[in-house]
Amino acid sequence: MLNVTFCGAARTVTGSQYFLEYQAPDGSLFNFCLDSGLFQTGQKLNLYKINSHLLFDPRKLDAIVLTHAHLDHCGRIPYLVKHGFGGKIYSTTATMKIAEVVMMDAARLNGESKSKQTPLKGIKNRNNESVVSDSERFSYQEIISTIGDTAANLELEMESLGLYGQDDVLETMRRFKTFEYHQKFRIHPNLEVEFWDAGHILGSACAVFTEISSGKKIVFSGDLGNKNKPIIQDPEIPASFPELTHIFTETTYGNRLHGKLDPKERLRKIIFETVKSGGLVLLPAFSIERAQEVIYYIVELMQENKIPRVPIFLDSPMASKMLKICLEHPELYDPEMQDKISQKANPLISKNIQILETPAQSKSLNQFDKPCIIIAGSGMLNGGRILKHLYYHLENPNNTLLMVGYQAVGTLGRQILDGSKEIVVEGKRLEVKTRIENINEFSAHADQAILKDWVVDLTDKKNNSSKVKLFLMHGEKDASLTFGKEIETMLPNKIESYWPRFGEKVELWG
Ligand SMILES: [Zn+2]
């Protein structure tokens, strides 16, 4: 018997967490989680409430299988450890290393907010509105909009605003046990797991679960990658199994095709023009994956003599750690990157790249006025070292502020993109005089076509006697439902799709 409870990424794209309860043929019970990520979108204060609310008892959890190291997939693991989870965490080696960087950073952020924010009393549900002040009610609505109205009946509790500390992360790291792609392992004597390359970020995996005694299989996509990304492999073409019973697939772009993306050409044009006018490029980038991709393209453009060889300052301790991990795992590179390495032209290693470790080194750029590229976090300008650079360089019209990803509502990045002529950074009003650019062509997620091929390949050998149940996860309403409808039309005898609610429990194997 196997049941799943959807504790996140249900009707939303954040907070991935599935709680699975397995009863072996001998009657023994085994509980495990697939991923345990943080809810990331929404107002910070509210996120602490929703993230601290668990739908199961972590003391009764026996194992966690982790697909990849993005915060919305691994960020709640230390919280589970802090509250009594004592089992093993299974992932690839690269995922374990990146997860440590990501969770440590989250622990630091949690600590910061603890000192800044005042704890709120418990908020009940909508029927209890009388006990909730106006400001708290607004907060509650924020949570609802964060995870969808299906959470309206939840009791949200908040014991403290810091979810966990760095000690909890260190304790978490002791629980990891790593396995590489296609190295089969057992999390229970009767449950085997195999990781496939998901092509999403370094070390990312899809997970295939097999019940040894019956041969039944379930596949979790994790986050599935886009094709033709630099550095890492494309998502692996999955094997197909007649015994497949369920697929859990992400549907972030289930209703969308990426079209022809060429971020490198846009980078070339913007950097070339800025350097030509004597300016510097401020490039806020997400530390995990995006910063490495950007470096890859910029160095490649320099190697091809398409842009001048100006200094590239990497001013993000987290991105620097990520770069180091990336360099430690050449076995995970795609053929193009392997080729470059054999020609001694690895774009992640260049004498133009200068890694700024300390705040003092970062500060040395304040008066720097020669053409250069400064890559710093955070990607949406809602914190990090990039703010200091804005402070010193935003008012120079020769410079360019180049954003390379989605800017969420409420962030400084969004405010600038929406055309604000004046912003406040560290208490000082600044006029936005730089050129503002945004490259949206980077995408770490598969589009509808890639997702469809993936499901078709998975179900190729499935006979028509019973349909595979396809859970539409990690997507907004239209993305998930459009994908479900289209894949059912393509595979009418093989697939039956389902769009689970947050908190819903479903029986997988009877
Ligand atoms: Zn991800």
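The values are calculated or read from the model by the stated rules, or taken from the named source; none is laboratory data. Keep in mind that what you see is a predicted model, and the values were worked out from it rather than measured. Neighbour counts run over all protein chains shown; Cβ positions are idealised from the backbone, glycine included.
Quick notes on this one:
- Scanning the stretch 57-92 for residues that are away from the ligand (no atom under 16 Å from the Cβ), within 30 Å of Ala444 (Cα to Cα) and among the basic types (Lys, Arg) turns up just one, Lys88.
- Enumeration of residues in the stretch 228-275 that are farther than 24 Å from Leu348 by Cα, of a type outside the set (A, V, I, L, M, F, W, C) and either surrounded by fewer than 16 Cβ atoms within 10 Å (Cβ to Cβ) or free of Cβ contacts under 8 Å to residues at least 60 places away in the same chain (or both): Ser240, Pro242, Glu243, Gly259, Lys260
- Taking every residue in the stretch 434-448 that is touching a residue at least 24 places away in the same chain (Cβ under 8 Å) and closer than 14 Å to Arg266 by Cα and pairing it with any residue that is away from the ligand (no atom under 16 Å from the Cβ) and assigned to a loop (DSSP other than H, G, I, E, B), at least 6 positions away or on another chain, the pairs with Cβ-Cβ distances below 8 Å are Asn438/Val404; Asn438/Gln407; Ile439/Val404; Glu441/Leu261; Glu441/Asp262; Phe442/Leu261; Phe442/Val404.
- Residue in the stretch 425-443 that is modelled with pLDDT under 90, out of contact with any strand residue (DSSP E or B) (no Cβ under 8 Å at 6 or more places or on another chain) and within 16 Å of the ligand (Cβ to nearest atom) present: yes
- Counting the residues of the stretch 198-227 that are over 16 Å from Thr245 (Cα atoms) and surrounded by fewer than 21 Cβ atoms within 10 Å (Cβ to Cβ) gives 2.
- Test: residue in the stretch 213-221 that is in contact with a strand residue (DSSP E or B) (Cβ under 9 Å, 6 or more places away or on another chain), in a loop (DSSP other than H, G, I, E, B) and within 16 Å of the ligand (Cβ to nearest atom): yes
- Inter-residue pairs, beta-carbon under 6 Å, first without any contact (Cβ under 8 Å) to a residue 60 or more places away in the chain and on the phi < 0 side of the Ramachandran plot and in the stretch 395-422, second surrounded by 14 or more Cβ atoms within 10 Å (Cβ to Cβ) and aromatic (Phe, Trp, Tyr), 6+ apart: none
- Leu481 being surrounded by 21 or more Cβ atoms within 10 Å (Cβ to Cβ), modelled with pLDDT of 95 or more and either under 25 Å from the mean Cα position of the chain (by Cα) or within 16 Å of the ligand (Cβ to nearest atom) (or both): no
- Leu20 passes every criterion in (1) away from the ligand (no atom under 16 Å from the Cβ); (2) in a loop (DSSP other than H, G, I, E, B); (3) surrounded by 17 or more Cβ atoms within 10 Å (Cβ to Cβ) apart from (2).
- Among residues of the stretch 69-81 that are touching a residue at least 60 places away in the same chain (Cβ under 8 Å) and within 12 Å of Asp105 (Cβ to Cβ), those with a Cβ under 8 angstrom from a residue that is among the hydrophobic types (A, V, I, L, M, F, W, C) and away from the ligand (no atom under 16 Å from the Cβ), sequence gap 6+ or separate chain, pair up as Pro78/Ala107; Pro78/Leu163; Pro78/Val169.
- The listed residues are Gln338, Gln361, Gln367, and the only one of them that is within 27 Å of Thr92 (Cα to Cα) and not aromatic (Phe, Trp, Tyr) turns out to be Gln338.
- Test: Ile450 is at pLDDT 90 or above, under 26 Å from Thr251 (Cα atoms) and not acidic (Asp, Glu): yes
- For the residues Thr245, Thr150, Thr172, Thr146, the requirement of being modelled with pLDDT of 95 or more, in a helix (DSSP H, G or I) and in the same structural domain as Phe471 (by TED's automatic domain parsing) singles out Thr172.
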